[in-house]
Every structure is written in structure tokens, then in C-alpha cells.
Amino acid sequence: MIRPALLLLAFASGIGLSQPARAETCDDLWYSRNEIYKAQGYCFRTQRGISAFGNAGCQYDNVEDVPLSANQRRTVAEIAREERARRCPR
């Protein structure tokens, strides 16, 4: 489920908006990026990730092993660039 305030880079994930909407906060960006990983079976290691998403049903310990589509990879990369540009904490 996409959080209403986000719709971040919806065009990159195939929703088809003509211009990307912007996330409101660094927390929104973090959540958006990790929501993609959770949906594909990533096992979170940090307390923040585990608290937000849990690890039930997770399959991949290494983020690089998570099977993402090309659109998902582009979206994750765009979110990460925005996080860096905003100097969001990692």
C-alpha cells in the first residue's frame, strides 16, 4: 500500500503520473524505500526496520538478493538519491 502523502516517484513505478510527487519528510522516504523491500521479502536487521515492518515471512537477509523489478530498482535508486540530497540520516 502506498502511503497517501508519498506517491513518490509514482511515474517510475508504473502508476503513470506525469510528474513525480515529493515525499514530505525523510521518514516518508525511508518508509517508502523499505516498503518496497518488505513487499519482496527482505529480512530487516535494524530495530527501526523490524519495528516498522516486522520480519514475518521474510526470505532475504542480503538486500542485494531481494528480487526487485527494474521499476522497483529505479524507484529505490531515486528515493535513495532524494534521501542523500536531503541529507537524511541512514
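The values are calculated or read from the model by the stated rules, or taken from the named source; none is laboratory data. Every value quoted in this text rests on a predicted model; they were computed, and no experiment measured them. Cβ sites come from the backbone with ideal geometry, for glycine too, and all protein chains shown count toward neighbours. Quick note on the areas: whole protein, heavy atoms, side chains included, nothing else; ligands and nucleic acids left out. Shrake-Rupley method; radii C 1.70, N 1.55, O 1.52, S 1.80 Å.
Below is a table of values for the structure above.
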quantity	calculated
Spin-label model distance (nm) - ARG48 vs ASP27, 7 Å beyond Cα toward Cβ	1.1
Contact order normalised by residue count of segment 20-65, Cα under 8 Å, 6+ apart, percent	34
Fully extended contour minus Cα-Cα distance, from ARG90 to SER69, at 0.36 nm per residue	5.2 nm
Segment 22-65, accessible surface, carbon-and-sulfur percent (1.4 angstrom probe)	43
Relative packing of 26-39, 72-85, 53-66, which averages over residues the other C-beta atoms within 10 Å, highest first	26-39, 72-85, 53-66
Given charges at Cβ of Lys, Arg, Asp, Glu: segment 23-88 dipole, positive-most of CYS88, TYR37, SER51	CYS88
